[in-house]
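Read the structure below first, then the notes.
The numbers here are math on the coordinates, done by the rules we state, and not lab data. Quick caveat, the model's predicted, so the values are computed rather than measured. Neighbour counts are summed over all protein chains in view; Cβ atoms, including those assigned to glycine, are modelled from backbone coordinates with ideal geometry.
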Amino acid sequence: MVVARIRALMLALAAVAWTGAAWGAELAPARGAVLVTVAGKIANTNRGAFDPFADAFLKFHDKSFDAALELDREALAALDQVEITADAEPWPGPVRLRGPRLADVLALAGARGDTVTLFALDGYGAKVDAAMLAAHPWVLALEADGRPLAIGGRGPAWLAYDTGGKRATAEEEGAWVWSVFYITVE
Ligand SMILES: Nc1nc2c(c(=O)[nH]1)N[C@H]1C(S)=C(S)[C@@H](COP(=O)(O)O)O[C@H]1N2
Ligand SMILES: [Mo]
């Protein structure tokens, strides 16, 4: 089943590559619990318009869209996984984070804009513009120190980049959104 799903995803990706992503693609709907929804200027979607009843939590956050890409754990895990070590001044110590590159998530969505805003469960949001995207190998982590990120912790997803043995300043860390559940492409 997993293999069939991955094959469907690969076929969709191949179709996207073949058409040059010019018209976008309808990807397979998420079957597992959705962790992250991507909306805005994207070509590849797997669900239709915001539904004020079903999408109660998105409604709470005043989010709305005509179509979006819903990503469950399986879809995010099917992307190349990278492991980074991130550290920041106020932290007790470095954290080992693992997950797909943000760039790969955006490629899967067929992102057409060059700026993204990541929104978190607590209402926090941070804009990452083209210059910032290019400056760091951003990772949308799903695991920290070998454990899946939890709701109630910093899950479902945590944006960060490898700090190469240094400690990021609190200002840099401002863009490291934890508990990410919604991404818009502008
Ligand atoms: N979801 C979420 N992510 C967030 C924030 C937040 O309030 N909520 N604050 C940001 C800022 S300004 C900083 S400095 C770091 C530190 O947050 P922490 O002190 O909760 O670790 O997380 C960043 N990511
Ligand atoms: Mo901060």
Check your understanding: Which residue pairs have Cβ atoms under 9 Å apart, sit 6 or more places apart or on different chains, and have a first residue in segment 129-150 that is of a type in the set (K, R) and a second that is surrounded by 11 or more Cβ atoms within 10 Å (Cβ to Cβ)?
Key -> R147/G153
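Of G153, G164, which residue is more than 16 Å from ligand 2 (Cβ to nearest atom), part of a loop (DSSP other than H, G, I, E, B) and on the phi > 0 side of the Ramachandran plot? Show your work before the answer.
Values: G153 fails: on the phi > 0 side of the Ramachandran plot.
Exactly one residue qualifies, and that residue is G164.
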Exercise for review: Those residues that are free of Cβ contacts under 8 Å to residues at least 60 places away in the same chain and touching a strand residue (DSSP E or B) at 6+ places or on another chain (Cβ under 6 Å), I need them from segment 82-93; list them, please.
Suggested key: V82, E83
Check your understanding: What about L140, is it part of a strand (DSSP E or B), near ligand 1 (Cβ under 10 Å from one of its atoms) and buried (at least 21 other Cβ atoms within 10 Å of the Cβ)?
Key -> no
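Considering only residues of segment 89-127 that are crowded, with 20+ Cβ neighbours inside 10 Å and within 15 Å of ligand 1 (Cβ to nearest atom), which is farthest from T45 (Cα to Cα)? Explain how you work it out, then say what you get.
Taking segment 89-127 first, the residues crowded, with 20+ Cβ neighbours inside 10 Å are 97, 99-100, 102, 105-106, 108-111, 116, 118-120.
Checking which are within 15 Å of ligand 1 (Cβ to nearest atom) leaves us with 97, 102, 116, 118-120.
Details: L97: 27, L102: 17, V116: 16, L118: 18, F119: 19, A120: 21 Å.
Of everything passing the filter in segment 89-127, L97 is farthest from T45 (Cα to Cα).
Give me a count of the residues in segment 159-186 that are in contact with a Leu (Cβ under 6 Å, 6 or more places away or on another chain) and near ligand 1 (Cβ under 10 Å from one of its atoms). Outline the logic, then answer.
Initial filter on segment 159-186 (in contact with a Leu (Cβ under 6 Å, 6 or more places away or on another chain)): 159-160, 176-177, 179-181, 183.
Subsequent filtering for residues that are near ligand 1 (Cβ under 10 Å from one of its atoms) retains 159-160, 176-177, 179-181.
Number of matching residues: 7.
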Study note, to complete from the structure: The one condition A130 fails out of (1) more than 16 Å from ligand 1 (Cβ to nearest atom); (2) closer than 19 Å to D72 by Cα is (2)
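Considering only segment 167-186, state which residues are in contact (Cβ under 8 Å) with a residue 60 or more places away in the chain, assigned to a loop (DSSP other than H, G, I, E, B) and over 14 Å from the mean Cα position of the chain (by Cα).
Going residue by residue through segment 167-186, those that are in contact (Cβ under 8 Å) with a residue 60 or more places away in the chain are 167-170, 172-173, 176, 180-186.
Going one step further and asking which of them are assigned to a loop (DSSP other than H, G, I, E, B), we end up with 167, 169, 176, 186.
Hits for segment 167-186 are R167, T169, E186.
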